[in-house]
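Participant: There's a structure below that I have some questions on.
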Amino acid sequence: MEIIVKDSAEEMSKSAARVVARALNAKPNAVLGLATGSTPLGLYKELVRLHVEEGLDFSQVTTFNLDEYVGLTRKHPQSYHYFMHENLFKHINIPKENIHIPSGTTDNYEAFCAWYERRIVELGGIDLQIVGIGTDGHIAFNEPTSSLGSRTRIKTLAKQTIDDNARFFDSADEVPIYAITMGVGTILEARKIILLASGLNKADAVAQAIEGPVTSMITASALQLHADTMFIVDKEAAGSLQMAEYYEWIQAKMPDAP
Ligand code: F6R
């Protein structure tokens with residue numbers, strides 16, 4: 001695992017954008033796995049800047065988003081379809097047909113989930129997966145006790161996640177209870193994974209994910225089983241790491257660190 005600690009959330013975002021840009025320069029038709037929420041907003045802003053100012057090309061890129069709320073239409077302002085369109089897709093040159101986001105309104109969730117998994121495989125698998133982390137240690141919406149081998153499916157959100165995400169809605173009562181989410185097993189099949197985290201409220205979850213035991217109670221800890229995972233976190237989110245000095249020392253010795 002590579003642990004990169006940045007001074008600020010802005011530096012975290014720029015660093016992640018450099019990794020994405022390198023991946024696209026090396027493979028213009030890369031398949032990206034994308035996350036929503038507050039954490040990747042700076043990354044998407046920087047990718048848009050790289051596209052507009054430096055010509056970063058998305059014309060051959062395919063994307064798969066991690067999750068979507070069940071019951072929200074793609075036009076709902078809190079849906080992840082809407083989020084992705086507003087914060088990334090409408091600003092870059094990605095073809096509409098290359099974008100995949102789980103449907104929150106399908107009439108057959110089981111068939112949709114099976115199709116989503118198949119589609120990832122048909123397109124060659126995910127080259128680079130971006131994930132955030134919940135305060136309860138989740139990746140995507142794989143809440144505590146999700147199987148570490150889980151696949152795309154419907155998941156009931158934990159109370160803590162509903163409370164955390166209430167900030168995007170008028171009240172906690174409006175947060176959907178169910179989400180459709182890639183599984184931990186689905187995520188672990190990506191060739192490279194980047195976990196982003198910023199802010200003090202993520203420090204404990206980040207420490208457990210990186211330095212704690214691999215456990216379904218903190219599904220992000222499953223990333224320890226992946227051969228090419230990078231954690232890019234800001235100083236606050238790194239605040240509970242026991243080995244922080246060691247990670248900073250390694251980074252200082254790496255000339256091409258992102
Ligand atoms: C979103 C997702 C979630 C978030 C996590 C952190 O697509 O998969 O796992 O990454 O809940 O959310 P923020 O970034 O809002 O703190």
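Participant: Suppose we filter L148, L128 for residues that are under 13 Å from I187 (Cα atoms), surrounded by fewer than 20 Cβ atoms within 10 Å (Cβ to Cβ) and within 16 Å of the ligand (Cβ to nearest atom); which single one remains?
Facilitator: Within the list L148, L128, the selection yields L148.
Participant: Follow-up question, since we're still on this one. Among what's in the stretch 107-125 and is touching a residue at least 24 places away in the same chain (Cβ under 8 Å) and part of a loop (DSSP other than H, G, I, E, B), pick the residue that is farthest from the ligand (Cβ to nearest atom).
Facilitator: G124
For every residue, the table says whether it meets (1) open to solvent by less than 60 Å² (accessible area, probe 1.4 Å); (2) part of a loop (DSSP other than H, G, I, E, B); (3) closer than 23 Å to H100 by Cβ.
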| residue | (1), (2), (3) |
| --- | --- |
| D204 | no, no, no |
| A227 | no, yes, no |
| L241 | yes, yes, no |
| I250 | yes, no, no |
| P258 | yes, yes, no |
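Participant: Residues that are over 25 Å from G199 (Cα atoms) and open to solvent by 40 Å² or more (accessible area, probe 1.4 Å): does the stretch 157-168 have at least one?
Facilitator: no
Participant: Is it the case that some residue within the stretch 21-31 is within 15 Å of the ligand (Cβ to nearest atom) and farther than 15 Å from I180 by Cα?
Facilitator: Among the residues of the stretch 21-31, not one is within 15 Å of the ligand (Cβ to nearest atom) and farther than 15 Å from I180 by Cα, which makes the answer no.
Participant: Still on this structure: For the stretch 237-251, name all the residues that are aromatic (F, W, Y) and under 26 Å from S38 (Cα atoms). Don't jump to the end; show me each part of the working.
Facilitator: Kept after step one, since they are aromatic (F, W, Y), are these residues of the stretch 237-251: 246-247, 249.
Across the stretch 237-251, the qualifying residue is only Y247.
Participant: Being within 18 Å of P28 (Cα to Cα), of a type in the set (D, E) and either open to solvent by 20 Å² or more (accessible area, probe 1.4 Å) or assigned to a helix (DSSP H, G or I) (or both) narrows it down to one residue among E86, E97; which is it?
Facilitator: E97
Participant: Can you run down the residue pairs with Cβ atoms below 8 Å, 6 or more apart or on separate chains, where the first is in the stretch 27-54 and within 13 Å of N93 (Cα to Cα) and the partner is of a type in the set (S, T, Y) and open to solvent by 30 Å² or more (accessible area, probe 1.4 Å)?
Facilitator: Listed by first residue and then by second, the contacts come to P28/S59.
Participant: Next question. In the stretch 59-76, which residues are surrounded by fewer than 19 Cβ atoms within 10 Å (Cβ to Cβ), closer than 23 Å to E117 by Cβ and of a type in the set (D, E, K, R)?
Facilitator: R74
Participant: In this structure, is D164 part of a helix (DSSP H, G or I), of a type outside the set (S, T, Y) and away from the ligand (no atom under 15 Å from the Cβ)?
Facilitator: Details: part of a helix (DSSP H, G or I): yes; of a type outside the set (S, T, Y): yes; away from the ligand (no atom under 15 Å from the Cβ): no.
No; evaluated as a whole, the condition is false for this residue.
Participant: Let me ask another. Look through S171, S150 and report the one residue that is free of Cβ contacts under 8 Å to residues at least 60 places away in the same chain and more than 30 Å from V31 (Cβ to Cβ).
Facilitator: Working: S150 fails: more than 30 Å from V31 (Cβ to Cβ).
Exactly one of S171, S150 is free of Cβ contacts under 8 Å to residues at least 60 places away in the same chain and more than 30 Å from V31 (Cβ to Cβ), namely S171.
Participant: Kindly establish whether G199 is open to solvent by 10 Å² or more (accessible area, probe 1.4 Å), under 14 Å from the mean Cα position of the chain (by Cα) and in contact (Cβ under 8 Å) with a residue 60 or more places away in the chain. If you could, list the steps in order and put the result at the bottom.
Facilitator: Details: open to solvent by 10 Å² or more (accessible area, probe 1.4 Å): yes; under 14 Å from the mean Cα position of the chain (by Cα): no; in contact (Cβ under 8 Å) with a residue 60 or more places away in the chain: yes.
Answer is no for this residue.
Participant: In the stretch 38-58, how many residues are open to solvent by less than 50 Å² (accessible area, probe 1.4 Å) and of a type outside the set (G, A, S)?
Facilitator: Residues flagged as open to solvent by less than 50 Å² (accessible area, probe 1.4 Å) and of a type outside the set (G, A, S) within the stretch 38-58 amount to 11.
Participant: Quick check, is T135 closer than 22 Å to G42 by Cα, open to solvent by 20 Å² or more (accessible area, probe 1.4 Å) and assigned to a loop (DSSP other than H, G, I, E, B)?
Facilitator: yes
Participant: Within the stretch 131-143, count every residue that is more than 9 Å from the ligand (Cβ to nearest atom) and touching a Lys or Arg at 6+ places or on another chain (Cβ under 7 Å).
Facilitator: 1
The values are calculated or read from the model by the stated rules, or taken from the named source; none is laboratory data. Bear in mind the structure is a predicted one, so any value in this text is a computation, not a measurement. Cβ sites come from the backbone with ideal geometry, for glycine too, and all protein chains shown count toward neighbours. These accessible areas exclude ligands, DNA and RNA; they are computed on the full protein's heavy atoms, side chains included. Shrake-Rupley method; radii C 1.70, N 1.55, O 1.52, S 1.80 Å.
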